[in-house]
Amino acid sequence: MTLDDYILACTDKEPEYLARINRATHLRMINPRMLSGHLQGRVLAMFCNMIQPKCILELGTFTGYSALCMAESLPDNGVLHTIECDDELEDFILANFKSVEHGSKIKLHIGEALKVIETLDCTFDLVFIDADKREYTAYYEAILPKLKTGGFILADNTLWDGKVLKTADENDRQTIEIQHFNSLIATDDRIEKVMLPLRDGLTIIRKK
Ligand SMILES: C[S@@+](CC[C@H](N)C(=O)[O-])C[C@H]1O[C@@H](n2cnc3c(N)ncnc32)[C@H](O)[C@@H]1O
């Protein structure tokens with residue numbers, strides 16, 4: 001048994017409906033590793049149980065796995081807005097949301113995250129950033145005014161496969177931007193922050 005296997009054995013099982021979406025994503029998608037997966041999915045679900053958000057925003061839906069994890073504990077009057085730019089994923093995402101009762105609390109927006117954020121007239125309790133790595137700072141600045149005081153942002157992939165430690169190639173816009181985002185977050189007094197070495201790095205941000 002590996003340490004990763006042990007961690008999963010000591011964590012809640014992946015719910016059956018999510019295991020099915022996980023399998024279907026691996027069968028049908030070219031890059032299934034983008035899906036949050038069992039451990040991070042349970043972490044997102046646990047954070048939502050702790051924070052008890054009523055209004056959640058997700059940037060980067062992919063096949064809907066992380067959105068469904070975060071919507072599990074939403075109250076009846078709660079909503080999760082999720083934004084995905086790839087319109088070819090729409091039917092698969094909507095079928096996944098329809099496959100479980102709490103999927104009805106999720107509103108899918110097909111479009112560019114930065115454009116859709118402008119149209120959302122909500123104050124968010126929790127935002128999960130998981131879309132284009134080259135736009136993390138722009139997402140952050142667009143979201144912060146719409147986040148309630150005491151609200152949280154979770155930013156995924158902030159270790160970027162360890163590339164954050166190296167000098168990035170000048171053409172590697174993703175690594176350069178993640179490094180820039182991490183430096184900004186580390187020095188921004190408007191927020192409290194902690195980076196967790198979970199999977200590919202998950203930064204937790206709280207607006208003061
Ligand atoms: C890492 S995947 C999201 C995984 C999903 N959150 C999960 O954990 O299951 C990133 C997704 O963001 C989408 N994306 C990339 N750039 C985007 C943009 N500018 N606006 C909206 N979605 C974007 C991609 O098409 C992809 O489906």
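Quick look at the numbers
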item	result
Interatomic Cα distance distribution for the range 160-208, bins of 10 angstrom, percent	25, 50, 23, 2
Under-5 Å amide H pairs with I191, H placed in peptide plane, nonlocal only	K208
Cα centroid separation - the range 183-198 against the range 59-79, whole Å	24
Stretch gain in nm, segment K98-V194, where the contour uses 0.36 nm per residue and the Cα spacing is subtracted	31.1 nm
Debye, to nearest 20: dipole size of the range 3-207, +1 on Lys, Arg Cβ, -1 on Asp, Glu Cβ	440
Extension gain from K115 to C10, taking 0.36 nm per residue of separation minus the Cα-Cα distance	33.7 nm
For the range 116-123, Karplus couplings with θ = phi - 60° (6.51, -1.76, 1.60), whole Hz, Gly/Pro x	5, 3, 4, 8, 8, 9, 9, 9
Extreme residue, positive dipole direction of the range 86-139, given options T119, G103, I93 (C-beta unit charges)	G103
Top of H26, H81, H38 by mean-square fluctuation, Gaussian network on the chain, Cα under 10 Å	H26
For the chain, average projected area of the Cα convex hull in nm²	12.0
Distant-in-sequence amide H partners of K107 (H built 1.01 Å from N, under 5 Å)	L80, H81, T82
Reach of K207 by Cα under 26 Å, taken over lysines that are not fewer than 8 positions away in the same chain	K54, K105, K107, K115, K133, K146, K148, K193
Extended-chain gain in nm, criterion 0.36 nm per residue less alpha-carbon gap, T123 and L184	19.7 nm
Karplus-derived HN-Hα couplings along the range 43-53 (A = 6.51, B = -1.76, C = 1.60, θ = phi - 60°), whole Hz, x at Gly and Pro	5, 4, 5, 5, 4, 5, 5, 6, 7, 6, x
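Taken together, the values in this text are just the output of simple stated rules run on the coordinates, not laboratory data. A quick note: this is a predicted structure, and the numbers were derived from the prediction, not measured. All Cβ positions, even for glycine, are placed from backbone atoms using ideal geometry, and neighbour counts span all protein chains on display.
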